[in-house]
Structure formats: C-alpha cells, structure tokens
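Peer 1: Have a look at this one.
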Amino acid sequence: MSSWTDHLNPQQKQAAEHNHGPMLVLAGAGSGKTTVLVSRTGRLIDEQVVKPEQVLLLTFTNKAAREIKERVSQKVGRKAKKIWAGTFHSFGLSIMKAQPEKFNLPKKFGVIDATDARGLVREILKDKFHADKEAFDPERLLAIISLWREGREVPPTYHPADIEMAQLVMPEYLDRLQMWGVVDFDGLLLDPLALFERDPELLSVYQDQYQQIMVDEFQDTNKVQMKLVRMLSNKHGNISVVGDDDQSIYGWRGAEVSNILNFPKRFAGCKTVRLETNYRSTPAILNLANAAIANNKDRHGKTLRSYTHDKTETKPEVFCYKTDEEEIEEIISQVFHFEREGFQRGQISILFRSNSQGGLLEAGLRQNRIDYHISGGAGFFDRKEIRDVLAYVKSSYAPNDLSLRRILNTPSRGVGQKSFESIDQLATEKGVNFFEALRLCADSELPEKLKNSVAKFLGHLDDLRSLLLSPNHPKFELELPRFMRELGYQDFVLSQYKDRNVGAKKWALVETLGRILDSFYQRAEGGPVVGLKSFLDAMDLRDYEDSEEENSDQKIHLLTLHASKGLEFPVVILMGLDEGILPHETLGMNIDEERRLFYVGVTRAQKKLVMTRAQKRKRYGQWRMSTPSRFLEELPNELYLDFPNGVRPLADNQRQDMLAALYAKLGESPS
C-alpha cells in the first residue's frame, strides 16, 4: 500500500490513485481537497508514473501552489522543485518569457498591473480623444475591452457611450502595449492561446512536456482558462480537476460554473469522484447546508457528511430582531455569549453580503471596544469618503495638521501646492502650527484669493462645531449629510464617478456615518461634548489598534461572504438574512449563485452557526419593513432553532447560576 494514500478515506484514495485519463474530483467544503492533490502528485512521482517536470499544477493563488509543492517536497525531496505549480497567469508568463520574439516582445519585456493599465487608458483619452479626465472611467473601459478580447458579450448594464469609447480606445491601447514592449494581465493568457492556435508544433511541445495536468478550484475558471486547459490536454487526456460547483460564486468576474458542470461531457471517459466527508463542521451545520444547496437544480449531486460526532453540538440558530440597530447590538451580545462559552475572539467570525452592511457593525464594535480584523477589502472607516468626513469632524473640534491638510482643498477651493507652501511658511515665521497659521491668514500678506478661501473654510469648521455641540442634539443622520451637501462635498463625490450609481453608493456612506454618529450621541450620558468625544476616541483608538497586528488572533473577524471562501471558524455569525440583502436586490441577479454564496457562508462554521435578520431597516432616513430571505424560508424548520423575539432562553445551569448569584447577593441560601 502506498504511503501517500494510507491515511486517506476511500473516496480520497480513489482520486489519489487515478493515473491516466480525465478525472473530476467534486470536493465538498472541508473535504480535504488539498490533501488529495498532494497525495496524488506525490504518488505519481514516487511510482514513476510521471516525472516531476511533467507535472503542471494550476491554481488561483501562488500561496496554494507553494503549499502543495512544499508538502510534496517533504516526502519526495528536492526533485519536487521541478513540478510546475502556480497560477494561470504565471504559467502564461513563463510561456511568453521562453520565446518573447514570437509575441513581438523584447527579451526583457514588462508586465503592467491594473493601475498602470488604467493610467495608459487615461493617457489615451487625453492625448488621442481630448476627453476630459472625468468623462470616462478607465476601469470600465478596460472591463469592456477585456470582455471583447476574451470573446464575450458586453452586458447591457454598460452605458452606450462607454461601449462606443471602448471601441475607439482598444486598438490604440493594444498598439501602445506592443510599442512599449509590455503585456497586461489579460495578455498573459490570451497571447499564449493565440500563439498555440497559429503554431500547432509549439503547442505539441507543451502537450508532450506536461503529461499530467491538474487544476485546483476548477469552479472558478473562466472561458479563456478552460480553453487553455483543453488545448494542453488534448493530446494525452491526462487532465484532473478539483472543485465544487456548489461553491462557484465568482460569475460576476467571469467564472463560468458550466466549466465544472459540463466537464464529464466535454472529456470522454471522465472519472468522477465525490469527496463528501466533511472534516470541518458538525452534522447539524451540514444538514442545514445540504438542505439549502439542494434547492439549486443545475448542480452535481453531492451530500456532505460530517466526520465528527459531537454529542454536545447545537443546531444552527436564527434570531429575528426588531430593527437593524438592535441586530447590531445583539450580534455584539452574541460575541460576549460565545466568550462565556469559552471561545476566543479570534475564533469568531461575522459574515455579511456586502460592504455597506459593515459600517454599523464596525461602529458597534468600536463603541464596545471590541477589536476586529477585516479581510478581503477596505473597512467602512477606511473608505476615502468616510475619512474625508471624519477629517472635517475632527478639525471642527480638535484640529490636527493631518486632518486639516486632507480637507483644506476637498472639495476644491483653489488651494494648490503653492498655497500650502505659503501657509507652511507663515506657520514657520510665526512659530505656530498649521491650524493657527490658517487663523492668521486673514491678517497676513498672502493673496486675497487664498485668504478668502481659507476664511470660508474656517467658517465651515465653525458651523460644523456649532452643529456638533448643539444642546438640542440634531438628527445627525440627516444633518451631517446636509452640512456636507451644502459644503459641495456631495457634488464632489458624484463628479469622481461617471456612473452615477457608483457615486450614489459612495455618498450613501456619508449618510451611514451620520447614523453612526447619532448612535454615539444617544448612548452618551453628559451632553453633546461627551457624545462627540466618545465618537472621536473610538475613531482614534482604531487607528492605534491597527498598528498592533501582534494581537490579531484576539480580534473578531469581519468578512464579506465572498472573502470568507476557503476559510473556517469555530463560530460564525451570518448577519442580514433578509430578502434584498441575501439574495441582494441589485447585485444578486443570479439566484443560484446567491444561494451558493449562502452555502459558502454556512459551511465556514465549524461548531456554532448563528444567523440574524431584522424586521425593519433604515434607508435614506426612512424605516422600511423587510422579509426573511428566501434561503431561510426554504429550510425545514427542524434544522434550526428559531428565536423570533431575538432572545436565546437560558439553559438550566445558567438559570441556576443566576439564582445562586442573586441569593448570595441577598445573603440567603436557596431552599
């Protein structure tokens, strides 16, 4: 018996012992797919079915490739270094580096990233078409160009003006890439494919070179990646792919779930192996996950079974709260509840569908001095618009150089670099800080235009201070956006984005911040100064905590459902299970993919799963009733504990402990 497979379960062993021909490994969540890839790769080399240099392992992250290669190396030694393991893009780059002349590229050609690509488009718009820099979004134009280059249709969500401009920009963009001797990320796959199509002999060389091709996370492949895999494996048919159609959640960025669904049809004689033993979650969590995903009809049949048999397990819990504000408060209570049960904060994760949900959550955690770590995107308080408005609030009450410099010309007041230098010079001459120098501008020799701009700016800060310290406690959910709107900041935000829907979402962040500010004032005891100081302290505290990454294992994990894929946590709190949030009313066009996203969230939980929803949520200052997510409604009631009043009943031992504590306080003993 091979030492590579003696620790595997029967299904894993079946996949690892496969030698030749196509194979589809349907690896359910937490079923040990990496172990299978490592075991199969190592066994093929050890048993001399293939040489290390004949193995091509394609992944979606270099980290995953390194892990597999390192684990194989631990057994087979240095020869494992000859395995080619890496991302699709890095494989394409290796092809281009091997024969740059075939791509009309210099020997030492460069690769430009997304930022450079946007800069190039921006330059073309200016030089070639004399377009105003705000007229077109380079990122959108590049997205359209990318679709065309991949042979895909442009969806109707794109504006006709963008499509027309993209048609004009594309040939010039591609010409300049060639002229500069560089390739972009799309080209790293498209150019090798085009070369293989016009040079069958070279393709044959690569087919002979790589006798065993394996692809990880196959459900995430797009049309171009699928075509590359087919071309490379056509000669020998030794193509093994590992993935889970139930976790295909990236359709919005080009992934085609049909690649994994139709794999057995496209590759004759395909062997299909199902990995259904889950080593992560309790049976109760998996029962709910299986029931949820079963509502997707277009899928490979697969049922996860738990390897663990925890007699103390509890069913997943569903809590319904009156409002989204109460939902946040009670999620924080849930954190304390699980701490009392013995879980560390670093073992707890809070998942949500979209970043917009994170603002109120972050604010609640800050108010309660709970450290958190955000994965897979910028946090609410790290967004540019939020940092701008926070700089105004700070500068109105406790100004510092950093905040003042950020907003002095935001929105534009005609205060350019030379003006900043003049103010700095005045500060040096008078021996004062930047803020005091601004106050001295009126009586200085600076240009009248600059003095007027500074005076107007300082007037705005005084007005904001009066608003923030008003004894009447204004409704900041409305008043803070109103103030910023009158300042011209809303127009400034909207002008940054050609797509007004994007601009509107950015402005909505400001409205959310007003609501968060409200919550700090409402909780403060002692008037507006206490409320404002508690708010600013929470903001500053977070800035300090961010630098102390050594304590990250004691921080709550905040993630979007997309960012949570591939991770696992002992405790998962999945918030916002309302129709319109999950599935999302605007982002969730594909209900099957939204249901897969829910399934991904559920299967992140190892021991405890809590799901929350609210009866009403506030949008644009108005309360709106909400209904439960269809994904909750689809679940059989016996699979979860339902708490429609948002309260978890006390267990017998908890009730006894509370009574004992009460009697002790009264100096009595229970009879």
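Peer 1: What are the pairs, 6+ residues apart or on separate chains, where a residue within region 218-244 that is under 13 Å from Ala255 (Cα atoms) has its Cβ under 7 Å from a residue that is of a type in the set (Lys, Arg) and surrounded by fewer than 24 Cβ atoms within 10 Å (Cβ to Cβ)?
Peer 2: If the second residue must be of a type in the set (Lys, Arg) and surrounded by fewer than 24 Cβ atoms within 10 Å (Cβ to Cβ), the pairs left are Lys223/Arg152.
Peer 1: Let me ask you something else. Suppose we filter region 492-511 for residues that are among the charged types (D, E, K, R) and in contact with a Pro (Cβ under 9 Å, 6 or more places away or on another chain); how many remain?
Peer 2: The number of residues fulfilling the criteria is 1.
Peer 1: Gly377 - would you say it is over 30 Å from Pro528 (Cβ atoms) and either of a type outside the set (D, E, K, R) or at pLDDT 90 or above (or both)?
Peer 2: Taking the combined requirement at face value, the residue satisfies it.
Peer 1: Hand me the list of helices (runs of 4 or more DSSP H) wholly inside region 258-374 holding 3 or more residues that are in contact with a Phe, Trp or Tyr (Cβ under 7 Å, 6 or more places away or on another chain).
Peer 2: It comes to 283-293, 358-367.
Peer 1: What pairs come up if the first residue lies in region 519-536 and is more than 17 Å from Ala398 (Cα to Cα), the second is in a helix (DSSP H, G or I), and their beta carbons are under 6 Å apart, counting only those six or more places apart or on different chains?
Peer 2: Phe520/Gly531; Phe520/Ser534; Phe520/Phe535; Tyr521/Gly531; Ala524/Val530; Ala524/Gly531; Ala524/Ser534
Peer 1: While we're on this one: Output the qualifying pairs, or none if there are none: Cβ atoms under 6 angstrom, residues six or more apart or on different chains, first residue in region 299-311 and surrounded by fewer than 18 Cβ atoms within 10 Å (Cβ to Cβ), second residue outside any loop (DSSP other than H, G, I, E, B) and among the hydroxyl-bearing types (Ser, Thr, Tyr).
Peer 2: The qualifying pairs are Arg305/Thr277; Tyr307/Thr277.
Peer 1: Within the bounds of region 393-409, is there any residue that is in a helix (DSSP H, G or I) and either in contact with a Cys (Cβ under 8 Å, 6 or more places away or on another chain) or closer than 30 Å to Leu597 by Cβ (or both)?
Peer 2: Scanning region 393-409, I find no residue that is in a helix (DSSP H, G or I) and either in contact with a Cys (Cβ under 8 Å, 6 or more places away or on another chain) or closer than 30 Å to Leu597 by Cβ (or both), so the answer is no.
Peer 1: Which strands (runs of 3 or more DSSP E) sit wholly inside region 561-655 and have at least 2 residues that are out of contact with any Pro (no Cβ under 9 Å at 6 or more places or on another chain)?
Peer 2: 569-574, 605-619, 622-625
Peer 1: Among the residues of region 113-148, count how many are surrounded by fewer than 19 Cβ atoms within 10 Å (Cβ to Cβ), at pLDDT 85 or above and among the basic types (Lys, Arg).
Peer 2: So the answer is 2.
Peer 1: I would also like to ask the following. Is one or more of the residues making up region 11-19 in contact with a Gly (Cβ under 7 Å, 6 or more places away or on another chain) and either open to solvent by less than 40 Å² (accessible area, probe 1.4 Å) or not aliphatic (A, V, I, L, M) (or both)?
Peer 2: yes
Peer 1: If you don't mind, another one. Could you check how many residues of region 90-110 are open to solvent by less than 60 Å² (accessible area, probe 1.4 Å) and not in a loop (DSSP other than H, G, I, E, B)?
Peer 2: The total comes to 10.
Peer 1: Being more than 20 Å from Leu361 (Cα to Cα) and under 21 Å from the mean Cα position of the chain (by Cα) is the filter; apply it to region 500-533 and report the residue that is surrounded by the most Cβ atoms within 10 Å (Cβ to Cβ).
Peer 2: For region 500-533, the residue satisfying everything is Gly503.
Peer 1: Now a separate question. Pairs, please: C-beta under 7 Å, at least 6 apart or cross-chain, first residue under 14 Å from Arg149 (Cα atoms) and in region 175-202, second among the aromatic types (Phe, Trp, Tyr)?
Peer 2: Going by the 7 Å Cβ cut-off, the qualifying pairs are Val183/Phe109; Leu189/Phe88; Asp191/Phe103.
Peer 1: Go through (1) touching a Ser or Thr at 6+ places or on another chain (Cβ under 8 Å); (2) at pLDDT 90 or above one by one and return the number of the condition Leu469 breaks.
Peer 2: For Leu469, the failing item is (1).
Peer 1: Does region 430-440 include one or more residues that are in contact with a Ser or Thr (Cβ under 8 Å, 6 or more places away or on another chain) and open to solvent by less than 20 Å² (accessible area, probe 1.4 Å)?
Peer 2: No, the conditions are met nowhere in region 430-440.
The values are calculated or read from the model by the stated rules, or taken from the named source; none is laboratory data. In this text the structure is predicted, and so the values were computed from the model without any measurement. Cβ atoms come from the backbone with ideal geometry, glycine included; neighbour counts cover every protein chain shown. Ligands, DNA and RNA are stripped out before the accessible areas are found, and what is left, the full protein with its side chains, is counted by its heavy atoms. Shrake-Rupley method; radii C 1.70, N 1.55, O 1.52, S 1.80 Å.
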